[in-house]
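Student: Right, I'll just put the structure down here and ask away after.
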Amino acid sequence: MTGPATADLIARLADDPTASFALIARAGASGSVESVEVLTGPIQDVELLADIPLHGPDGSPREVLALVPYRQVRERGFEAHDDGAPLRCLIVDSRARVDLADAMAALPTEPVPLTDAGFDIPDDEYAEIVRRVITDEIGRGEGANFVIRRDYTAGVDADPRVAALTWFRALLQHERGAYWTFAIVTPGHVAVGASPEAHVTAHAGAPGEPSVVTMNPISGTFRHPAGGATADTLAEFLTDTKETEELFMVVDEELKMMSAVCSDGGRITGPHLKEMSRLTHTEYMLRGVSRLDPRDILRETMFAPTVTGSPMQNACAVIRRHELTPRGYYSGVAALFTPRADGGHDLDAPILIRTAYLVDGRLRVPAGATLVRHSNPDGEVSETHGKAAGVLGAIGAVPRDVPAPDPDQPTPVRRPLAEDPRIADLLASRNARLAPFWLEPQGAEPGPLSGRSALVVDAEDRFTTMLAHQLRHLGLDVRIAHWSDVTDAEVDAAELVVSGPGPGDPRDVASRRIARMRDLVQRRLDAGRPLLAVCLSHQILADRIGISLAPLASPHQGLQKTVDVFGEPASIGFYNTFTARVMPGVSKLTPSETRCGKVGVVEVSAEPATGDVYALRGRGFASVQGHLESILSRDGMRTLERLVLHALSL
């Protein structure tokens, strides 16, 4: 489309109060934006992801851009404040692609004045929320990390369509490194953003082959110092333990999702840097293949742990307890479904973060910080300022770090910091800590346990999907059942029961979930039937045997340790707040020392100095405190095979 035609199109979008539209600038293979896609069409609000109208009345495929609000997590049975934000679909009946330079020339530039601007939660109050989450949630075993947001708000006395077009241009000019830069204008609602993160994509593979699914976990936030980032300042960030573990935790959480939707479980590539105007993030790419409908892929991956937390179900409950207002579209996705030749649809769904919303004359820019056991409340306050500033600086709400480039001068060539040899080495060194199983191609040869089967009981931590994938890799035929659905008959009939991990206090008998997990562990022990218990279930098993339980002085959330597992050292990832504990030096319990004599002699692998129990095994059972399925478990597959073989008495 030529310059005059582009100007005419932009003018019509600004002047027509009835038109709904989206402007999308996506980075190409080179990482730069060269054009802007303009989508227009009618709006249809639907209730469920399955209702997204990917086909017309005649059955023909059509392109749809869906704004998916955070409240949609209720489809997965998770908690959320219900603010009524609609699952809004723009049914594309017209699309155009315009040159970036022509779009920039046609978009309005007059600043949009703001009034009564500031965060809805003051800094000191937000810092206190951070302290409560660390103490009351992470400290009580409710999860490894949680994202709690606050909103920058302001009054806007301007036409919302003009404001949207103006802010879109400003983000294109002043922000860099975004995955999508977009403006979406629908009745009564404007969303303009520069999202750094592709939550999930699904694109056609070879004819007849499954779709290639990717996820892009981004975590760890380096706020650029005055004058910009340098290799020296970035190197200090890359060696920070908190930032490194924060990224590993979200990769684990997204691999849970990948293992649920991809037949091959997903592989990791990276890490990489995501360099933006004010912030630099670290990221990995996850890839797998799936034959699921793209709407089902989207449902099973709602929503990114980088903007919610882990485990996901408990993260939603924590968000509901500690966030004062509903999220709207923050942490949801903008999902573009594009028809392809085979009759299916490709999916491209960035996370709705670094986004400004305009409703009823009020601007809202949500920003959240990822809270982990190492979090410093004041540091997390600064992180929300930094994340909001990318959008706010671009639209002129706060001062910009650097002036906009002069359009009449050549753009200087900037060398990405990731190309600095020291930075590249620091990034690459991170993978030395990770499990080869998730980094390398997984062979298709039959596993050593082919012909055997297992029932994995999900205790509300989808680490079970990764665990099930590893068990299948060993050759087992695996089925996952939720704790609330599995029957006693199924538990009794299973060849091997794998009692899974989950959040919470293993001593909390008032919890229906904990009580049920205690019951099924006891049921397998009483029957002398093969049982493998992991993390929470390991603690429950220890308690049933007669070993005491206690909270750790400092939670082990995302902690990697090398421990002795029955005479063999193993590097394992731990996500636990509670521990089973024996007297230091104890390596064996006789039947007279246990509550359950049927289990016979119980072997104990424990920390010599403290007695914290890492693994147990006895007649027909084995257990492990760590997560052998985690990317932090370099020796996870070897240890898992050893414990399963013991439980099956092979």
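Read-outs throughout are calculated quantities, based only on the coordinates presented, and are distinct from any laboratory measurement. Not measured: the values here are computed from a predicted model. Every residue, glycine as well, gets a Cβ built from its backbone with ideal geometry; the counts of neighbours run over all protein chains shown.
Student: Specify the inter-centroid distance of region 128-205 and region 240-304, based on alpha-carbon positions, in whole Å.
Tutor: After rounding, the separation between the Cα centres reads 18 Å.
Student: Across bins of 5 angstrom width beginning at 0, how are the C-alpha pair distances of region 1-97 distributed, in whole percent?
Tutor: Per 5 Å bin, starting at 0, the Cα pair percentages come out as 2, 11, 17, 17, 16, 15, 12, 6, 2, 1, 0.
Student: If the reach is capped at under 29 angstrom between alpha carbons, list the lysines near residue 242, excluding any in the same chain fewer than eight residues apart.
Tutor: 256, 274, 387, 561
Student: Also: Could you order peptides 91-101, 385-395, 371-381 by the average number of other Cβ atoms within 10 Å of their residues, highest first?
Tutor: 385-395, 371-381, 91-101
Student: Based on the Cβ-Cβ distance from residue 493 to residue 125, what FRET efficiency comes out when R0 is 60 Å, to the nearest 0.05?
Tutor: 0.65
Student: What percent do you get for the relative contact order of region 356-403 when only Cα pairs under 8 Å and 6+ apart count?
Tutor: It comes to 27 percent, rounded to a whole number.
Student: Now for a different question. Take the Cα coordinates of region 145-198, assign each an equal point scatterer, and use the Debye formula without solvent to give log10 I(q)/I(0) at q = 0.21, 0.23, 0.24 Å⁻¹.
Tutor: Debye curve over Cα of region 145-198, log10 I(q)/I(0) at q = 0.21, 0.23, 0.24 Å⁻¹: -0.91, -1.01, -1.05.
Student: Mind putting a number on the dipole of region 440-647 about its Cα centre? Charges go on the C-beta only, +1 for Lys and Arg and -1 for Asp and Glu, and I need it in Debye to the nearest 20.
Tutor: In debye, rounded to 20, region 440-647 gives about 380.
Student: Rank 594, 584, 610 by how far each Cα sits towards the positive end of the charge dipole of region 572-650 (+1 on Lys, Arg Cβ; -1 on Asp, Glu Cβ) and give me just the farthest.
Tutor: 594
Student: Enter the angle in degrees (range 0 to 90, nearest 10) between the Cα long axis of helix 123-132 and the first principal axis of the Cα atoms of the chain, meaning the one along which they spread out most.
Tutor: 20 degrees
Student: If r is the Cβ-Cβ distance from residue 8 to residue 136 and R0 is 56 Å, what FRET efficiency results, to the nearest 0.05?
Tutor: 0.45
Student: Where in region 524-554 does the amide nitrogen come within less than 18 Å of the point 7 Å from the Cα of residue 610, taken along Cα to Cβ?
Tutor: 535-540, 542-543, 547-554
Student: Gap in Å between the Cα centre of region 308-384 and the Cα centre of region 591-649?
Tutor: With region 591-649 and region 308-384 each reduced to a Cα centre, they are spaced 38 Å.
Student: Would you work out the charge dipole size for region 314-380 about its Cα centre, treating the Cβ of every Lys and Arg as +1 and the Cβ of every Asp and Glu as -1, and quote it to the nearest 20 debye?
Tutor: Computed charge dipole of region 314-380: roughly 240 debye.
Student: Explain nothing, just compute: Karplus ³J(HN,Hα) = 6.51 cos²θ - 1.76 cosθ + 1.60, θ = phi - 60°, for every residue of region 509-514 in order, whole Hz, x for Gly and Pro.
Tutor: 6, 6, 6, 4, 5, 4
Student: Quick check: pseudo-label points 7 Å beyond the Cα along Cα→Cβ at residue 603 and residue 236, how many nm apart are they?
Tutor: 4.9 nm
Student: Any chance you could list P(r) for region 140-272, counting all Cα-Cα pairs in 5 angstrom bins from zero, rounded to whole %?
Tutor: All Cα pairs, binned at 5 Å, distribute as 2, 7, 12, 14, 16, 16, 14, 11, 6, 2, 0 percent.
Student: Quick one: helix 463-473 against the long Cα principal axis of the chain, what's the angle to the nearest 10°, folded into 0 to 90?
Tutor: It works out to around 70 degrees.
Student: Another one. Between the helical axis of 241-261 and the dominant principal axis of the chain, each derived from Cα atoms, what acute angle in degrees is found, rounded to the nearest 10?
Tutor: Here the helix axis deviates by roughly 90 degrees.
Student: Place +1 on the Cβ of every Lys and Arg and -1 on the Cβ of every Asp and Glu in region 3-405, take the dipole about the Cα centre, and give the residue among 156, 96, 202 whose Cα lies farthest towards its positive end.
Tutor: Value computed over the given set: 202.
Student: Turning to a different aspect of this structure: Taking the convex hull of the alpha carbon atoms in the chain, what volume per residue do you get, in Å³?
Tutor: Once divided by residue count, the hull of the chain is 159 Å³.
Student: Report for the chain the percent antiparallel among DSSP-assigned beta bridges with both residues inside it, nearest 5.
Tutor: 90 percent
Student: Let me ask something else. Report Rg (one decimal) and Dmax (nearest whole number) for region 577-650, counting Cα atoms only, units Å.
Tutor: Cα only, region 577-650: 12.9, 39 Å (Rg, Dmax).
Student: Another question about this same structure. Compare the Cα positions of 639, 572, 545 along the charge dipole of region 509-650 (+1 at Cβ of Lys, Arg; -1 at Cβ of Asp, Glu; about the Cα centre) and return the one farthest towards the positive end.
Tutor: Projecting each Cα onto the dipole axis, the largest value belongs to 545.
Student: Within 10 Å, count the other beta carbons around each residue, average over each peptide in 559-572, 534-547, and list them highest first.
Tutor: 534-547, 559-572
Student: Per DSSP helix of 4 or more residues, -39500 (n - 2.57); summed, then divided by the residues of the chain. What does that give at 222 nm, rounded to the nearest 500?
Tutor: -8500 deg cm²/dmol
Student: Let me check I've understood the local charge: for residue 479, count other residues with C-beta under 14 angstrom from its C-beta, Lys and Arg +1, Asp and Glu -1. What total comes out?
Tutor: Here the charged neighbours net out to -3.
Student: Moving on to the next point. Over region 469-583, calculate the relative contact order: mean separation of alpha carbon pairs under 8 Å at least 6 apart, over the residue count, as a percent.
Tutor: Reported relative contact order: 21 percent.
Student: Please work out the Cα center distance from region 522-589 to region 439-512, rounded to the nearest Å.
Tutor: Region 522-589 and region 439-512 have Cα centres separated by 17 Å.
Student: Let me ask another. Given a cut-off of under 8 Å on Cα pairs at least six residues apart, what relative contact order in percent is computed for the chain?
Tutor: Value for the chain: 13 percent.
Student: If you don't mind, there's one more thing I want to ask. To the nearest 20 debye, what is the magnitude of the charge dipole of the chain about its Cα centre, counting +1 on the Cβ of each Lys and Arg and -1 on the Cβ of each Asp and Glu?
Tutor: Computed charge dipole of the chain: roughly 1700 debye.
Student: In region 440-647, what % of DSSP beta bridges are antiparallel (nearest 5)?
Tutor: 60 percent
Student: Please enumerate, by chain and number, the lysines with C-alpha under 21 Å from the C-alpha of residue 588, excluding those fewer than 8 residues away in the same chain.
Tutor: 598
Student: Would you mind classifying region 440-647 by shape? Square roots of the alpha carbon gyration tensor eigenvalues, ordered a ≥ b ≥ c; an a/c under 1.5 is rounded, otherwise it is prolate if a/b is larger than b/c and oblate if not.
Tutor: rounded
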